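Asker: First, the structure itself, so that you have it in front of you.
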Ligand code: NDP
């Protein structure tokens, strides 16, 4: 069997690690908007440096994208459209909008190009280890014939039609952020009552109120590392906005949306999403 050639577009906090892992099993061409990052990637991991996104399309069978939103994805696909071939596969790992994924799937289908939406979860550290979860939507045949590529950077789960991956992803992040906010508010109340957050967490983490936020995010990324997880608040805001459009009469998302706005207003646009803990603690 001839091995597939893969292109990777978007070497940000997540993409740089994912492309490194894909390259362990497949010839991988890389491209990034800030070219120095692609040059560095190519030197460090011996990935193939593409001049532009057209070269990526020209030289590869499968193209992986890991970009901020569907807008950048649409722009990049537009730019390489003339070089896409029939049966080209695009794996979009962007946490995107499920309705936009359905639109893109229909558009690409006209040209015989196959799309999987495969947003990931796990953050930069799991991206580095190759142990991300990916939630994959699209035609089952396309999923099945590209499972080796998906497995090179993640543990994939097939979730049905294209768009479903992004639908699950935004709800997952609504749960992530809601858990973090409620845990932060609870710890603040206990702190005001005279109980140190560390002691409160020791109790909660052996009790029924524990979550990933109380066992890892708050003790490690907030308290030890000073709100440095590696996922920007702006990208979390996008996911919460997407989730709130999916929910009929959302009850919790509007509160989280207000809190995020205040956070970015008070602490800056480029803060890590875990900075919500600080916002709640300074009240
Ligand atoms: P980053 O901001 O670190 O990286 C974004 C990447 O997109 C960079 O390579 C950037 O290039 C590129 N980019 C931005 N704008 C454009 C543009 N107009 N044209 C071309 N390229 C562009 O984001 P992350 O890696 O954190 O996130 C990527 C995706 O993964 C997002 O959809 C996010 O929601 C999702 N995600 C993130 C997680 C995390 O913990 N960070 C976890 C799970 C999912 P440049 O280097 O030039 O800026």
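Asker: Enumerate the helices (runs of 4 or more DSSP H) found wholly within region 179-283, keeping only those where 1 or more residues are in contact (Cβ under 8 Å) with a residue 60 or more places away in the chain and more than 20 Å from the chain's Cα centre (by Cα).
Answerer: Counting at least 1 such residues, we get 253-267, 276-281.
Asker: Consider residue 105 carefully, then state whether it is surrounded by fewer than 19 Cβ atoms within 10 Å (Cβ to Cβ) and farther than 30 Å from residue 216 by Cα.
Answerer: no
Asker: Inside region 55-69, can you point out the residues that are in a loop (DSSP other than H, G, I, E, B) and over 28 Å from residue 239 (Cα atoms)?
Answerer: 60, 61
Asker: Another question, if that's okay. Taking into account only those residues within region 57-69 that are in contact (Cβ under 8 Å) with a residue 60 or more places away in the chain and within 13 Å of the ligand (Cβ to nearest atom), which is surrounded by the most Cβ atoms within 10 Å (Cβ to Cβ)?
Answerer: 64
Asker: With the checklist (1) touching a strand residue (DSSP E or B) at 6+ places or on another chain (Cβ under 9 Å); (2) surrounded by fewer than 16 Cβ atoms within 10 Å (Cβ to Cβ); (3) closer than 25 Å to residue 97 by Cβ in hand, flag the one item residue 3 doesn't pass.
Answerer: Residue 3 satisfies all of (1) touching a strand residue (DSSP E or B) at 6+ places or on another chain (Cβ under 9 Å); (2) surrounded by fewer than 16 Cβ atoms within 10 Å (Cβ to Cβ); (3) closer than 25 Å to residue 97 by Cβ except (3).
Asker: Give me a count of the residues in region 29-46 that are outside any helix (DSSP H, G or I), surrounded by 15 or more Cβ atoms within 10 Å (Cβ to Cβ) and within 9 Å of the ligand (Cβ to nearest atom).
Answerer: So the count comes out to 2.
Asker: Are any residues in region 109-139 within 17 Å of residue 212 (Cβ to Cβ), in contact with a helix residue (DSSP H, G or I) (Cβ under 7 Å, 6 or more places away or on another chain) and without any contact (Cβ under 8 Å) to a residue 60 or more places away in the chain, and if so, which ones?
Answerer: Passing the criteria: 121, 135.
Asker: Additional query: Tell me yes or no: at least one residue of region 229-244 is touching a strand residue (DSSP E or B) at 6+ places or on another chain (Cβ under 6 Å) and either at positive phi or within 16 Å of the ligand (Cβ to nearest atom) (or both).
Answerer: Checked region 229-244: at least one residue is touching a strand residue (DSSP E or B) at 6+ places or on another chain (Cβ under 6 Å) and either at positive phi or within 16 Å of the ligand (Cβ to nearest atom) (or both).
Asker: Just for region 70-97: of the residues that are part of a helix (DSSP H, G or I) and more than 13 Å from the ligand (Cβ to nearest atom), which one is surrounded by the fewest Cβ atoms within 10 Å (Cβ to Cβ)?
Answerer: 82
Asker: Take region 29-47 and flag every residue that is out of contact with any strand residue (DSSP E or B) (no Cβ under 6 Å at 6 or more places or on another chain) and closer than 12 Å to residue 15 by Cα.
Answerer: 32, 37
Asker: Go through region 1-14 and give me each residue that's more than 9 Å from the ligand (Cβ to nearest atom) and in contact (Cβ under 8 Å) with a residue 12 or more places away in the chain.
Answerer: Within region 1-14, 3, 4, 5, 6, 7, 8 qualify.
Asker: Let me ask something else. Where residues in region 15-28 are assigned to a loop (DSSP other than H, G, I, E, B) and out of contact with any strand residue (DSSP E or B) (no Cβ under 7 Å at 6 or more places or on another chain), which of them is nearest to the ligand (Cβ to nearest atom)?
Answerer: Looking at the filtered set, the residue picked out is 23.
All of the numbers you see were taken from the coordinates with simple rules; none came from a lab. These numbers were taken from a predicted model, which means no experiment stands behind them. Cβ: placed from backbone, ideal geometry, glycine included. Neighbour counts: every protein chain shown.
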